Amino acid sequence: MGIALSTEETVLLAENGDMVLGGDAGVQRVGHGFEEAVRALISDGWDMTFF
């Protein structure tokens, strides 16, 4: 027995200051700038739509 699935997420900083999560499922915008992105992740209030 072992791990069937494993994913790795990466935090990316776009040229316009947006922070996004990139991973196996795609890319999701978290927020604009570090402070907004951290608040969105903590509050679970970010748009989880993949693009």
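The values are calculated or read from the model by the stated rules, or taken from the named source; none is laboratory data. Quick caveat: nothing in here was measured; it's all calculated off a predicted structure. All Cβ positions, even for glycine, are placed from backbone atoms using ideal geometry, and neighbour counts span all protein chains on display. Areas reflect the complete protein model, heavy atoms only, side chains present, ligands, DNA and RNA absent. Shrake-Rupley method; radii C 1.70, N 1.55, O 1.52, S 1.80 Å.
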Notebook entry, point to check: So what are the ³J(HN,Hα) numbers for region 13-21, from phi and the Karplus equation (6.51, -1.76, 1.60; θ = phi - 60°), rounded to whole Hz, Gly and Pro as x?
Noted result: 10, 7, 4, 8, x, 5, 9, 10, 9
Item checked: Mean accessible surface per residue for the chain, computed with a 1.4 Å probe while every protein chain stays in place, in Å² -> 80 Å²
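Given 0.36 nm per residue, what is the gain on full extension from D47 to A25 after removing their alpha carbon distance, in nm?
That works out to 6.5 nm of additional length.
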Note to self: Can you tell me the orientation of helix 34-43 relative to the chain, as the angle in degrees between its alpha-carbon axis and the longest Cα principal axis, to the nearest 10?
What the structure shows: 60 degrees
Margin query: If amide hydrogens are placed 1.01 Å from N in the peptide plane, which non-local residues have theirs closer than 5 Å to the one on V30?
Written below: M19, V20, L21
Margin query: With +1 on the Cβ of every Lys and Arg and -1 on the Cβ of every Asp and Glu, and nothing else charged, how large is the dipole of the chain about its Cα centre, in debye rounded to the nearest 20?
Written below: 60 debye
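For a quick protection proxy, order the peptides 12-22, 27-37, 41-51 by their average other-Cβ count within 10 Å, most packed first.
On the way: 12-22: 13.0, 27-37: 15.5, 41-51: 10.5.
Top to bottom by mean Cβ count within 10 Å: 27-37, 12-22, 41-51.
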Margin query: Accessible area of the chain with a 1.4 Å probe: how many percent of it is carbon plus sulfur?
Written below: 59 percent
Check: Of [x] 23, 12, 9; [y] 13, 12, 11; [z] 39, 22, 5, which one was derived for semi-axes √(5λ) of the Cα gyration tensor in Å from the structure shown?
Finding: [x]
